[in-house]
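See structure below.
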Amino acid sequence: MITPQTIQQITSRIDIIDVVGEFVKLKKRGTNYLGLCPFHNEKTPSFTVSPAKEIYKCFGCGKSGNTITFLMEHEKYSYVEALRWLAARYNVEIEETEVSDAQRQQQLATDSLYIVNGFAQKFFTQQLFETEEGQAFALTYLQEERGFNKEVIEKFSLGYNPSAKDTFAKAALQHQFSAELLLKTGLVTTRNEALQDNYRNRIIFPIHNNTGKIIGFGARVIGKAPEKAPKYINTPENELYVKSRILYGAYFARQMIDRLDECLLVEGYTDVISLHQAGIENVVASGGTSLTTEQLRLVKKYTNNLTIIYDGDAAGVKAALRGLDMALEESLNVKLVLIPDKEDPDSYVKKIGAAAFREFIAGNKKDFVLFQLEVLLREAGNDVNKKNEAVNQVAETLSRINKAEDFTKQQEYIRQCAQLLRIDESGLITLVNKYKRERIAKEEKKLPFEAVEPSAIPAALVQENIDLIINGDDLQERDVLRVLLEYGLQLWDEQRTMAQYIFDELEGYAFENPTLEKLYNIYERQYQQGLEPSAKTLLYHEDAEIRELIVGITMFPFELSMRWNEKSDKKNIGMVDSHEDVFKSIHYFKLRKLKHMFEQNQRDMEESKSLEEQMQLIKVHKELKMMQEAITKQFGTVIFK
């Protein structure tokens with residue numbers, strides 16, 4: 001287990017904007033940063049990152065956390081793996097303590113997929129370069145038939161799975177990988193109650209995530225595929241490999257995409273490799289599947305300019321058009337290049353050379369929207385009904401250009417499409433707006449962090465705040481924790497910190513909410529140990545419930561504190577200094593608890609049948625009254641009724 005000292009070193013160096021910005025394109029908005037949430041589909045950015053508090057929260061889906069939980073959620077890392085990733089990024093040397101068997105097993109389980117994938121990649125590469133079979137068949141095929149040089153083969157870590165039925169399976173089992181794990185990766189399959197290689201006699205294409213770790217594989221037959229055998233086999237979806245969120249080659253292309261401000265999208269693995277070999281490195285592949293929103297957002301992290309390069313046949317055209325609406329919704333500027341003469345990017349760049357290929361791409365980019373319209377009109381011919389269908393389809397497509405910054409683009413498209421369709425421009429505008437209204441009516445409106453209309457706040461967030469308001473005890477207990485986290489290490493007076501003042505004042509008082517009480521006790525225990533706890537340090541606590549609670553309290557301090565200002569005629573918490581904020585929070589908390597004591601004492605008096613017991617309860621009532629009056633006298637508030 002990683003030592004607390006190492007964890008503290010890691011967390012002290014974390015820059016959440018640096019880390020989250022590795023995966024999400026962020027824009028500064030006031031003191032915070034805003035971007036499209038990587039955890040759900042959205043068109044309006046509602047994913048907010050606070051560098052001051054080192055937390056993120058999506059106001060659409062409700063996901064929230066810190067830098068470590070972001071890596072755990074987005075990259076599917078374990079807690080320890082996220083720490084290791086951060087340690088490597090910030091050059092922190094890791095010190096570890098002994099761990100229990102249960103903890104070790106849990107860590108091995110979460111890391112195992114990465115480990116077996118890494119082993120498999122090295123095995124397949126070794127089989128390609130260092131065995132007679134690999135050199136004679138696979139390497140010869142790659143170099144002589146496909147035209148790949150050794151440098152590009154090594155760059156993409158290509159490999160070979162031998163033709164024998166279980167060469168890899170035996171090697172993996174000898175290295176103590178379990179059958180269950182191997183089956184989960186898709187590297188092996190079960191036949192006749194024995195493990196056999198799933199990719200035998202195939203070229204292996206490792207697939208990397210954005211950090212360069214291998215998350216899966218593609219496997220291609222050498223030469224022509226046997227009857228009923230697929231040309232390609234891919235890793236089945238698991239904790240690491242989610243096909244809809246992967247663009248092959250993105251790890252190698254991201255820097256060049258950012259530098260050139262353009263992403264070239266092709267279909268296949270070999271297209272990517274051939275273009276890289278030709279020096280065209282801003283290229284990724286969809287893996288032969290329809291484009292997804294997640295893939296388009298991965299592109300948008302680096303550029304708004306997407307050029308799709310597909311085969312010029314009917315299938316290529318159809319495949320290209322499938323992603324149009326989603327690309328427009330993501331505000332991407334999409335161009336289309338169709339490769340002629342029944343070629344694909346792989347074969348065409350080899351045929352005409354890198355320089356001529358670049359010139360061809362630059363000179364043959366078609367606007368995606370206008371190209372779609374040309375295809376529809378060509379298919380419609382003189383058929384009036386099909387032309388009407390084309391008008392509706394184009395209008396529906398244009399309605400998806402719905403962001404304010406894209407208004408001019410939409411109007412220009414409407415003008416050009418109306419000319420091509422030979423219809424009135426105002427009529428097309430009306431039809432576009434109709435589709436836009438219909439879609440908006442179906443979608444739930446989501447506003448970003450700095451929205452001002454309460455009615456448009458997502459339902460989950462509204463319910464969260466309603467719960468806080470209804471449950472006064474919970475609200476006040478949270479506010480105590482808010483001031484403890486915010487001011488605890490500041491001085492109250494010459495002898496005490498604010499944390500010690502709070503502990504002294506609340507001695508003998510209990511929390512109703514067990515989770516809030518747990519956080520209070522954790523803070524007090526760490527404080528007494530001299531660890532200087534704060535929202536920042538507790539944000540990285542090993543207990544997920546505590547981490548989520550910290551985010552909730554620190555992300556919405558205004559919700560907790562402004563209600564006390566309303567009660568005491570203050571206009572804004574910014575006008576209250578830290579001493580007053582702490583004082584009020586603590587004493588409203590105590591008044592609420594005294595109120596409950598009054599109520600309980602009153603019930604006991606009503607149920608009491610003994611004069612002696614009643615006299616004792618009356619005495620308690622007077623003592624509670626005196627305590628209440630002493631508190632309210634200090635800041636002139638009204639006594640709870």
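The values are calculated or read from the model by the stated rules, or taken from the named source; none is laboratory data. Please read all numbers here as calculations on a predicted model, not as lab measurements. When we count neighbours, we look across all protein chains shown, and the Cβ atoms used for this are built from the backbone with ideal geometry, even at glycine. Heads up: the accessible areas ignore ligands, DNA and RNA and are worked out on the full protein's heavy atoms, side chains in. Shrake-Rupley method; radii C 1.70, N 1.55, O 1.52, S 1.80 Å.
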Any trypsin sites (Lys or Arg not before Pro) in region 207-265 that lie in a DSSP loop and have at most 16 other Cβ atoms within 10 Å would be Lys224, Lys228, Lys231
Step through the table entries Lys170/Lys231; Lys27/Lys342; Lys28/Lys184; Lys366/Lys436; Lys53/Lys436; Lys43/Lys231, compare each Cα-Cα distance with 31 Å, and write down the pairs that go over it. Lys27/Lys342; Lys28/Lys184; Lys53/Lys436; Lys43/Lys231
Counting C-alpha atoms alone, how compact is region 4-90: give Rg to one decimal and Dmax as a whole number, in angstrom. 12.7, 41
With viscosity set to 1.306 mPa s and temperature to 10 °C, compute the Stokes-Einstein D of the chain, Rh being the Kirkwood radius across alpha carbon pairs; µm²/s, no decimals. 54 µm²/s
Could you sort 267-280, 28-41, 61-74, 144-157 so that the peptide with the highest average Cβ count within 10 Å comes first and the rest follow in order? 267-280, 61-74, 28-41, 144-157
By the mean-Cβ-within-10 Å protection proxy, highest first, 604-615, 182-193 rank as 182-193, 604-615
Solvent-accessible area, 1.4 Å probe, carbon plus sulfur percent, for the chain: 50 percent
Using the heavy atoms of the protein chains and a 1.4 angstrom probe, tell me the accessible area per residue for region 346-404 in square angstrom. 52 Å²
Cα-centred dipole magnitude for region 71-205, charges only on beta-carbon of K, R (+1) and D, E (-1), debye, nearest 20: 440 debye
Under 13 Å from the Cβ of Leu260, count the other residues' Cβ atoms, weight Lys and Arg +1, Asp and Glu -1, and hand me the total. -1
Cα centroid of region 1-25 to Cα centroid of region 170-207, whole Å: 35 Å
Quick one: putting +1 on the C-beta of Lys and Arg, -1 on the C-beta of Asp and Glu, what dipole do you get for region 250-444 around its Cα centre, in Debye to the nearest 20? 260 debye
Calculate the dipole size of the chain relative to its Cα centre from +1 charges on Lys and Arg beta carbons and -1 charges on Asp and Glu beta carbons; express the result in debye to the nearest 20. 1800 debye
At 7 Å along the Cα-to-beta-carbon direction for both Glu580 and Ile94, put a label point, then send me their distance in nm to one decimal. 4.9 nm
